[in-house]
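Some notes on the structure that comes next.
Bear in mind that the values in this text are calculations on the coordinates, not laboratory data. If you're wondering where the values come from, they're calculated on a predicted model, not measured in any experiment. Glycine also receives a Cβ, built like all others from the backbone with ideal geometry; neighbour counts cover every protein chain displayed.
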Amino acid sequence: MKKKFIISILSFFVLLGSIVLGCNLAVSYNGKGRVFDAAKDMTHNTYGVLLATSPITPDGGHNFYFDNRIIAADSLFKLGRIDYIIASGGDYRTKHKFGCDEPKAIRDSLVARGVPAERIILDYEGTRTFNSIYKAKKNGLNHLTFISQRDHNERALRIADHLGINAIAYNAKPSHIRKTRIKNTLREYLARVKMYMDFVDCAYPTVSAYENRTACDKPE
């Protein structure tokens, strides 16, 4: 009896591991040829989506992932590879001890680097990657450039494919802190499984128009 129980437990973890590994391999393979490390290799899209992250880590530290996404978005804009930057995220100032207004933090950081404020579109409904991309689709944006780290970009591309959006992605550098990189990689593995669950569930969020309608009404 005990032996059967142990075999059942082991079988469960083997199956679970296979699912996680399979989801991750599928997402990585799907992104091949559409994720780029050099801004000069990128083709032009009117809209770039800077996928949300906070400048402050949950424990109050400095988030280098945020810094590197800002640098990446700034590079694409100044090279003319994108014309508008959608700053996605949420306002967590009242919900978390070290929470902040993510879209505003993105905007302020980009403006400080010389990106015109009128070229930055705030998306406060982009609290999840799926929501950010779905909102773009519902606002008629069918060609996008994602800006995040490679693992996150590959997942964003798979979501875009699911929603019928033509997309490419520019890889921001990861954090130079090894512990942070490992933590984010493990989180991404689980996020990819959750993504496929969302596809099956078909639970689409309710989204509105972007705050900056003038920019988003421009034809792609």
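Amide H of Gly90: which non-local residues (sequence gap of 5 or more, or other chain) have their own amide H closer than 5 Å, using H built in the peptide plane?
Glu102
Could you give the length gained on full extension between Leu186 and His96, defined as 0.36 nm per residue of separation minus the Cα-Cα distance, in nm?
30.2 nm
Highest GNM mean-square fluctuation, the chain, Cα pairs closer than 10 Å: which of Lys137, Lys104, Lys194?
Comparing Lys137, Lys104, Lys194 in the GNM, the peak value goes to Lys194.
Just to check, using Stokes-Einstein with a Kirkwood Rh over alpha carbon pairs, what's the diffusion coefficient of segment 31-90 at 37 °C and 0.692 mPa s in µm²/s?
Details: Rh = 12.6 Å.
In µm²/s, the coefficient is 261.
With the Cα gyration tensor of the chain giving a ≥ b ≥ c as the square roots of its eigenvalues, does the rule (a/c under 1.5 for rounded; else a/b larger than b/c for prolate; else oblate) give rounded, prolate or oblate?
prolate
Check which residues have an amide H placed less than 5 Å from Leu144's amide H, if you skip close sequence neighbours.
Answer set, sorted by chain and number: Asn166, Ala167, Ile168.
So which lysines pass the test for Lys78, namely a Cα distance under 19 Å, with those fewer than 8 places away in the same chain ruled out?
Correct list for Lys78: Lys40, Lys173.
Count the net charge of all other residues whose Cβ sits under 15 Å from the Cβ of Met195, scoring Lys and Arg as +1 and Asp and Glu as -1.
Cβ neighbours under 15 Å give a net charge of 0.
Using the Karplus curve 6.51 cos²θ - 1.76 cosθ + 1.60 with θ = phi - 60°, work out ³J(HN,Hα) for each residue of segment 144-159 in order, rounded to whole Hz, and write x for Gly and Pro.
9, 10, 8, 10, 6, 7, 3, 4, 5, 4, 4, 5, 4, 5, 5, 5
Highest first, please rank the peptides 127-134, 200-207 by the mean number of other Cβ atoms sitting within 10 Å of their residues. Numbers along the way, then the final one.
Details: 127-134: 22.1, 200-207: 10.2.
Listed from highest to lowest mean packing, they are 127-134, 200-207.
Return the sequence-ordered ³J(HN,Hα) values of segment 106-112 in whole Hz as given by the Karplus equation 6.51 cos²θ - 1.76 cosθ + 1.60 applied to θ = phi - 60°, using x for Gly and Pro.
Each residue of segment 106-112 in turn: 5, 4, 4, 5, 6, 4, 4 Hz.
Which ³J(HN,Hα) values, rounded to whole Hz and listed in residue order, are derived for segment 82-87 from phi using the Karplus coefficients 6.51, -1.76 and 1.60 in 6.51 cos²θ - 1.76 cosθ + 1.60 with θ = phi - 60°, glycine and proline given as x?
9, 10, 9, 10, 8, 8
Extent of segment 1-59 along each principal axis, from alpha carbon coordinates, in Å, largest to smallest?
62, 34, 17
Could you tell me which of the pairs Lys4/Lys179; Lys97/Lys137; Lys32/Lys194; Lys2/Lys183 are separated by over 31 angstrom between their Cα atoms in the structure shown?
The answer is Lys4/Lys179; Lys97/Lys137; Lys2/Lys183.
How many angstrom lie between the C-alpha centres of segment 12-67 and segment 68-132?
Using only Cα atoms, the two centres lie 16 Å from each other.
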